[in-house]
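Working notes, beginning with the structure itself.
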Amino acid sequence: MTRMANTLDRQEVEVLAIGAGPANLALGVALEELAPDIARETVIVEQHDTVVWQRGLLLPWSQSQVSFLKDLVTLRNPQSKFSFVNFLHATNRLDDFINLGSFTPYRMEISDYLSWVARNLSDVQIQSGRKCIGIEPGYGSDGEVSEWVVRLSDGGEIACRNLIFGGGRDPHIPSEFARLPRERLIHSTEFSSRIIGLDRAAEHRIVVLGGAQSAAEMLWASHQEFPNAQCTMVMRSIGLNCYENSKFTNQLFFPSFVDEFHAALPEARDQLLREMHRTNYSGLNPALLDVLYRQMYLDKLTGADRLKMITMSEIADARMSDGEVVLTLLDRKNGGSEELRCDMVLLGTGFNREMPKAVRDLAASVSVDEVSVSRSYRMNLPPSVRAGCYLQGVNEATHGIADSLLSLLAVRSEEIVRDLLAHQPSHQLVATVPVPS
Ligand SMILES: Cc1cc2nc3c(=O)[nH]c(=O)nc-3n(C[C@H](O)[C@H](O)[C@H](O)COP(=O)(O)OP(=O)(O)OC[C@H]3O[C@@H](n4cnc5c(N)ncnc54)[C@H](O)[C@@H]3O)c2cc1C
């Protein structure tokens with residue numbers, strides 16, 4: 001079970017990882033397998049009481065978009081006890097999973113796997129229910145930054161010589177929605193927890209903004225959950241599309257491609273990110289696309305008319321009037337505008353591209369304006385900062401489109417562990433993968 005923190009006022013550790021998402025859990029596994037001495041001095045803090053994957057949109061029917069073999073460990077160490085296959089074996093579901101004949105587990109199942117990994121870490125300590133609310137540099141007697149002091153929501157603090165940020169990216173909430181009251185606006189990261197508060201039988205008018213997977217999942221879930229609701233999707237694009245899934249471009253998600261991307265010219269990186277956009281951001285899983293189209297077809301057939309899509313439109317303004325949300329839609333086809341009245345807006349608008357605020361604040365605290373990391377994910381900091389800081393999942397611009405995905409985690413964890421060790425010659429890497437000759 002995930003350990004709850006004792007009431008620790010102040011603790012000192014070698015490594016403090018923020019967030020018990022897949023990135024830091026993969027790192028925890030890599031530390032236990034490759035650098036057990038450091039693992040014993042590592043703490044992961046998680047703001048929630050439980051380890052759950054993408055809890056905001058953990059719908060029972062949603063599936064992962066990557067193979068189960070891209071779990072937290074297999075690409076690095078296929079013999080690890082922390083593999084997804086061993087999780088299935090340990091929980092008596094290996095037969096069922098094999099019989100399903102799928103490479104892409106339900107997201108719920110991946111979430112259970114993560115929570116199982118968290119429970120089974122033996123050296124790395126997970127402290128749940130502790131949110132990081134501030135990070136400050138700690139100065140040694142020589143005036144250099146020798147540690148980071150992390151303040152936690154329960155009043156405690158942890159000082160660490162190395163910080164690993166794995167808190168995910170900040171949700172993108174377009175500025176047009178700034179005037180709407182919070183109860184009328186739900187970002188996809190909060191969908192599951194907040195949508196259950198709505199009256200199931202009411203005739204809600206729900207507008208979903210966005211044309212990618214998260215928006216489509218919220219649209220379908222709302223349509224199913226609220227039988228009397230009118231659900232309208234508003235998107236900039238010409239219509240919903242499948243995500244791009246060519247086996248050729250999929251090769252660019254291999255961990256081995258990170259070197260090539262990292263070394264590429266700036267214009268080549270731009271091209272790669274531009275051309276790969278639809279592999280990850282603006283497309284839908286084909287099964288969901290089909291389900292939505294069939295539902296619209298059925299709606300027309302029966303006259304139910306509960307599902308509507310407005311394409312090539314963007315929202316120019318959002319305000320309240322007479323207890324209703326009034327959206328001003330700009331029609332990209334003819335330049336005209338019209339009003340759309342509704343009760344709730346669901347934002348499938350993704351995540352901010354810039355570094356998370358917590359990371360920008362940390363950089364500013366040591367007078368760094370532009371955040372960047374080395375190939376090994378270590379933040380580039382002035383020589384007077386001895387304390388290390390590693391960033392996971394927020395380096396798409398320099399490490400490629402797979403940076404925020406599961407695909408890289410197993411191998412990236414080892415890269416970070418090796419870099420940690422390189423900065424601490426007193427600790428040695430433990431080789432754990434005996435290969436039969
Ligand atoms: C709906 C959805 C579906 C996805 N599906 C896939 C998929 O199928 N395949 C794939 O490869 N990728 C998918 N992704 C991409 C996703 O980013 C990665 O799979 C993965 O979750 C990234 O892991 P992470 O650990 O970097 O971040 P996250 O998973 O976001 O985890 C961050 C963790 O940090 C915690 N945290 C945040 N701030 C703090 C704080 N201040 N203090 C303490 N704890 C904090 C959070 O509670 C969370 O547990 C999906 C993303 C979304 C939103």
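Worth a mention:
- Computed about the Cα centre, the dipole magnitude for the stretch 274-313 is approximately 60 debye when only Lys and Arg (+1) and Asp and Glu (-1) carry charge, each at its Cβ.
- For the chain, size of Cβ-based charge dipole, Lys and Arg +1, Asp and Glu -1, in debye: 660 debye
- Using alpha-carbon coordinates, inclination of helix 107-120 to the longest axis of the chain, degrees: 20 degrees
- The ranking of L75, L420, L273, L301 by Cβ neighbour count inside 10 Å, starting from the fewest, reads L301, L273, L75, L420.
- Inter-label distance, S246 to E225: 3.7 nm, where each label sits 7 Å from its Cα along the C-beta direction.
- The ranking of T50, T42, T74 by Cβ neighbour count inside 10 Å, starting from the fewest, reads T50, T74, T42.
- Placing unit charges on each Cβ (+1 for Lys and Arg, -1 for Asp and Glu) gives the stretch 313-362 a dipole about its Cα centre, and among L327, M344, L362 the Cα reaching farthest toward its positive end belongs to L362.
- For the chain, the longest principal axis of the Cα atoms and the long axis of helix 409-422 meet at an angle of about 30 degrees.
- Around the amide H of C389, modelled in the peptide plane, lie the amide H atoms of L163, M379, all under 5 Å away and 5 or more residues distant in sequence or on another chain.
- Whole-angstrom Cα spans of the stretch 1-119 along principal axes, big to small: 49, 31, 23
None of the figures in this text is laboratory data; all of them are computed from the coordinates on show. The structure displayed is predicted, hence computed values, not measured ones. In this analysis, Cβ positions are derived from the backbone assuming ideal geometry, glycine residues included, and neighbour counts consider all displayed protein chains.
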